[in-house]
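Take a look at the structure below.
The values are calculated or read from the model by the stated rules, or taken from the named source; none is laboratory data. Everything numeric here is computed off the predicted structure, so don't read it as measured data. Cβ sites come from the backbone with ideal geometry, for glycine too, and all protein chains shown count toward neighbours.
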């Protein structure tokens, strides 16, 4: 676990250093790669922010337009998430569809603590690393539409949601997730929608 955390930090710092050397990182990428870079950057900002729960905010980026969905506890959290996304270099527009539901957010937190589902920081980092690795592989594979697939990891169990064009793409996405790092299981909730 410590080796994985150290490796993740080294990769993140190396990537940050390389991006800084390029001057303007967002402008170095185009199309899908640019959107993936922006998604990762925004999710990292949410993860490091002490006021936001990154697991309750879904971030989708298409052509530089950020679409935020999910649930936050207050109007301030909703506005904060939107402003943080707007502040990322390369973001052209933010569509903030975050819902405010304080009770639901508190209930989910209490339920997780009661059922023992609360993760320690090391487990959380491990799961976040797995999510990033799976998402990168899905985006990097020309036969999967990685930006249309949501990836969540909890205790080394990956859940895939979203829409794909065929059963073959659905199966491929699942196998890519299964063959990533220390994934123990995959819950494939992808919906086939050929339209």
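Return the residue satisfying two criteria in turn: it lies in segment 78-94 and is surrounded by 13 or more Cβ atoms within 10 Å (Cβ to Cβ) and out of contact with any helix residue (DSSP H, G or I) (no Cβ under 9 Å at 6 or more places or on another chain), and of such residues it is nearest to residue 32 (Cα to Cα).
86
Helices (runs of 4 or more DSSP H) wholly in segment 86-195 with at least 3 residues that are closer than 23 Å to residue 72 by Cβ and either within 17 Å of the chain's Cα centre (by Cα) or modelled with pLDDT of 90 or more (or both) - which ones?
So the answer is 121-140.
Would you confirm, using the coordinates I've provided, whether residue 68 is touching a residue at least 24 places away in the same chain (Cβ under 8 Å), at negative phi and either over 15 Å from the mean Cα position of the chain (by Cα) or in a strand (DSSP E or B) (or both)?
Considered against the rule, which asks whether it is touching a residue at least 24 places away in the same chain (Cβ under 8 Å), at negative phi and either over 15 Å from the mean Cα position of the chain (by Cα) or in a strand (DSSP E or B) (or both), residue 68 comes out as yes.
Being farther than 17 Å from residue 70 by Cβ and without any contact (Cβ under 8 Å) to a residue 40 or more places away in the chain is the requirement here; does residue 157 meet it?
Considered against the rule, which asks whether it is farther than 17 Å from residue 70 by Cβ and without any contact (Cβ under 8 Å) to a residue 40 or more places away in the chain, residue 157 comes out as yes.
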